[in-house]
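Inspection log for the structure reproduced underneath, given as structure tokens.
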Amino acid sequence: MVLLLIVIVGGFVFIKTFDLNKYKSYVEKITYEQTGRKLSLTGDAGLKISLIPTVVLNDVSFSNASWAEEPEMIKAKSVEVAVSIMPLLHKEVVIDTVNLIEPEVYLAVNADGKANWEFSKPQVKAENNQISTVEGDVDTMVEIAVEQETSANSTTNAAPLLAGFLAKQVNIENAKLIYQDMTTGSVTNLQVNSLTLRTESMNADLDIAFDLVFNGEEISGTATAGSINAILQGAEKYPVKAEVAAFGAKAQADVVLTNMMTDLGFNGSAVLKNPSGNFGAPAVSLEAEFSGTPKNIALKINSLNVAGNVINGTADVDLNGNKPNIKAALHSTSLNLQTLTATPVKTASFALIPVAAAAEYVPNTPLDLSVLNSVNAQASADVKSLIVNPDLVLENVQVKAVLQNGKLNVSPLSLNAGGGDVNGMFSVAATNNAFDLTLTGKDVVLQNLWKGLAATDAGTFGIISGGNTTLSVQLSGQGKTLRQMVESLDGQVVAIVDESKIQTGALKYLTGNFVTQLLKTLKIDKQKKNLELSCAVVRTDIGSGKASFPKGIVFNSKQLAIVSDGAVNLKNDKIDFTINPFNGKLADTNVVQAISSMIKVAGTVEEPKIAIDDSAVIKNVVGVAAAGPAFLGSQMMLDVDESPCYTALKGTAYQDMFPAPKGAKAAGQGVYQGTSEAISDSVDALTNTAKDVLNMFKRKN
């Protein structure tokens with residue numbers, strides 16, 4: 001018992017009186033001889049008194065490569081090394097735990113691709129090839145060593161050196177890691193809240209637990225990697241398995257690293273899960289395989305599931321050039337756009353119309369297209385079934401896009417819609433914020449394209465048969481803001497519906513204050529019979545800040561004909577349309593009927609309003625006052641264009657799609673036109689009287 005007490009007291013006295021500072025220079029010298037770098041132990045060194053002896057080194061630094069920007073590769077506020085007690089009884093030193101407090105690590109790769117963690121062992125010529133004392137002049141030894149030639153093949157194999165200093169566990173707290181790639185000029189900053197590495201031996205697997213902050217985002221997880229010896233000996237293959245939680249998502253990876261000390265490569269697989277709402281996105285899961293190098297990555301997407309939409313394909317990322325180059329090919333059997341948000345979107349159903357807004361006012365939002373200059377890319381995608389909403393489904397969508405030097409070209413763009421073919425191209429350039437769009441559609445059946453337009457029962461509006469539609473869109477524009485882009489639009493939009501049979505009745509979609517008012521004014525909201533449509537046209541000429549419809553909106557049937565002429569001012573959103581309906585019963589016309597039929601749509605795009613066409617009413621009232629009902633009859637007949645669809649399409653590539661007026665019809669229309677002009681010239685003096693009559697009419701109604 002007395003002997004044990006003596007041993008304990010003696011050990012305590014030894015620890016209290018043992019001066020580690022005498023051996024710092026020896027440790028510095030050995031480190032230099034093995035790595036060619038200087039280890040500086042500028043702070044005090046000592047032993048902590050506890051059941052586990054612990055060496056404490058303060059203000060530790062390890063010099064960097066000569067070409068690196070930072071003078072130290074590693075520095076730490078303090079290093080604590082705890083030694084296992086039992087091996088000491090056998091005169092063995094086994095490090096149990098190493099704690100690094102507030103370390104800073106600077107990793108770098110120079111322009112030649114050499115890393116600062118590659119060491120060269122200097123050749124030192126010392127007299128008698130031995131060291132006489134551990135307290136020798138280390139600085140002199142270092143100076144001598146620097147003057148010696150360094151062998152190109154003297155890269156240190158650190159395994160024998162580190163084997164004697166293996167720690168079963170390393171804990172790092174409040175660390176900073178900076179990685180600089182001089183080949184690309186990129187710098188990566190990483191804050192390490194905590195990092196724990198644990199292993200039983202140099203040849204055993206390494207267990208890792210980490211809690212990091214990267215660009216303000218928390219990253220935590222665990223990993224199991226290969227042995228330390230495998231790293232130090234430059235093993236051709238090094239396995240890593242990890243589970244990571246980052247950016248609100250979770251991932252699992254099984255990776256094999258290759259040639260870690262020379263030309264780093266990798267291959268493996270990963271599973272990623274992002275919960276609904278994270279990043280404002282729906283639930284996402286990804287199963288993928290990857291391979292390559294840090295500058296050339298190949299990705300195989302086995303399954304990308306976005307809210308039930310499954311996508312697969314391949315992608316390649318090449319980082320060797322001045323800017324990244326990406327190639328991708330994606331495929332999907334079914335893609336439902338309504339599910340691609342965290343909050344599902346309700347069926348469209350002409351949502352803007354019930355609130356009397358034909359379109360939303362275009363904001364003056366800046367258009368920053370500089371992102372197009374950040375990468376070059378080639379991508380293709382094909383989707384068998386693209387579900388826009390339950391009523392609109394596009395099939396066989398195929399897109400090929402090329403982004404090169406700031407210009408994006410999408411060509412071809414093709415799809416099947418309503419049984420027909422739609423083809424087009426789109427381009428946009430970052431240099432001048434300009435775009436071009438071309439789109440053509442053929443044999444698109446409206447009721448097949450939009451299911452809501454089909455007559456599903458006897459009491460609702462819908463297309464019974466026909467519905468064959470032709471589409472042409474040619475637009476270009478330029479502007480630094482979205483508003484400027486719209487105001488600069490130039491081109492033409494044409495949509496044509498061929499012969500169809502339409503069932504009248506309750507409208508399932510076109511409902512709301514404005515539309516209801518318009519339909520009642522045209523007296524077609526309560527039709528009880530079917531309409532036999534000869535043709536329908538929407539033709540828009542866009543330019544000089546206006547979207548003009550030169551008699552370009554036509555609905556021509558045997559029972560009812562409607563022709564609209566007007567424009568939308570793209571700069572102030574004001575609209576001005578005349579609407580001329582005719583039911584084919586000229587004998588029943590009178591002044592009141594004429595006035596009620598001569599309506600127009602005014603106001604703005606956001607707030608359209610029904611109004612009386614003042615100019616037309618004044619002309620007719622004056623004409624009747626001057627020449628009697630004959631004038632009104634001639635005007636009503638003139639409004640009935642025998643070929644309104646031909647008129648609407650005149651000057652376009654589709655003008656021969658419908659016949660022009662011929663023979664007696666053309667001549668008769670010419671006679672009426674002459675009569676109208678002759679009478680109109682003779683009524684100028686009665687204009688003020690007509691205005692008074694119009695105002696009186698408005699007050700009564």
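Using 7 Å Cα-to-Cβ label points, what is the residue 204/residue 252 separation (nm, one decimal)?
Placing both labels 7 Å beyond Cα along the Cβ direction yields 2.5 nm.
List, in the order given, every pair from 176/237; 241/327; 323/407; 501/558; 300/327; 558/650 whose Cα-Cα distance in the structure shown is over 19 Å. Mind dumping the intermediate values first?
Working: 176/237 28 Å; 241/327 28 Å; 323/407 14 Å; 501/558 11 Å; 300/327 12 Å; 558/650 22 Å.
Cα-Cα > 19 Å for 176/237; 241/327; 558/650; rest within.
Relative to the present Cα-Cα distance, how much length would full extension add between residue 262 and residue 609 at 0.36 nm per residue of separation? Kindly include the intermediate steps, with their values, before the conclusion.
Values: separation 347, 0.36 × 347 = 124.92 nm, distance 7.37 nm.
Extending this stretch completely gives an extra 117.5 nm.
Find how much the distance from residue 176 to residue 405 grows on full extension, using 0.36 nm per residue of separation minus their present alpha carbon separation; answer in nm with one decimal.
On the way: separation 229, 0.36 × 229 = 82.44 nm, distance 3.67 nm.
In short, 78.8 nm is gained.
Could you work out how much longer the chain between residue 118 and residue 414 gets when fully extended? Use 0.36 nm per residue separation minus the Cα distance between them, nm to one decimal. Working shown, then result.
Numbers: separation 296, 0.36 × 296 = 106.56 nm, distance 5.37 nm.
Residue separation times 0.36 nm, minus the Cα-Cα distance, leaves 101.2 nm.
Please list, in chain and number order, the residues 5+ apart from residue 38 or on another chain whose amide H is under 5 Å from its amide H, with Hs placed from the backbone.
Amide H neighbours of residue 38, under 5 Å, 5+ apart: 63.
Say R0 is 51 Å: what FRET efficiency, to the nearest 0.05, do residue 58 and residue 337 get from their beta-carbon distance?
Values: r = 61 Å, r/R0 = 1.20.
It comes out at approximately 0.25.
Go through region 564-578 residue by residue and turn each phi into a ³J(HN,Hα) via Karplus (6.51, -1.76, 1.60, θ = phi - 60°); whole Hz please, and just put x for glycine and proline.
My calculation for region 564-578 gives 10, 9, x, 7, 10, 7, 6, 8, 10, 6, 6, 10, 8, 10, 9 Hz in order.
Taking amide H positions as placed 1.01 Å from N in the peptide plane, with prolines and chain starts having none, which residues 5 or more places from residue 44, or on another chain, fall under 5 Å of its amide H?
58
Can you list the HN-Hα couplings for region 432-441, worked out from phi with the Karplus curve (6.51, -1.76, 1.60; θ = phi - 60°), rounded to whole Hz and with x for Gly and Pro?
10, 6, 10, 9, 9, 9, 10, 8, 10, x
Residue by residue through region 651-657, which ³J(HN,Hα) values in whole Hz follow from phi under the Karplus form 6.51 cos²θ - 1.76 cosθ + 1.60 (θ = phi - 60°), with glycine and proline marked x?
Working through the residues one at a time gives x, 9, 5, 10, 5, 8, 6 Hz.
Once amide H atoms are placed 1.01 Å from N in the peptide plane, what residues at a sequence separation of 5 or more from residue 117, or on another chain, have their amide H within under 5 Å of its amide H?
HN-HN under 5 Å from residue 117: 108.
Report the label-to-label distance for residue 77 and residue 302 in nanometres (one decimal), using points 7 Å from each Cα along the Cα→Cβ vector.
It is 4.5 nm.
Sort 52, 463 by heavy-atom solvent-accessible area, probe 1.4 angstrom, most to least.
Values: 52 80, 463 20 Å².
Greatest to least solvent exposure: 52, 463.
The values are calculated or read from the model by the stated rules, or taken from the named source; none is laboratory data. The shown structure was predicted, so the numbers you read here are calculated from the model rather than taken from an experiment. Cβ atoms come from the backbone with ideal geometry, glycine included; neighbour counts cover every protein chain shown. Keep in mind that these areas ignore ligands, DNA and RNA; they rest on the heavy atoms of the full protein, side chains included. Shrake-Rupley method; radii C 1.70, N 1.55, O 1.52, S 1.80 Å.
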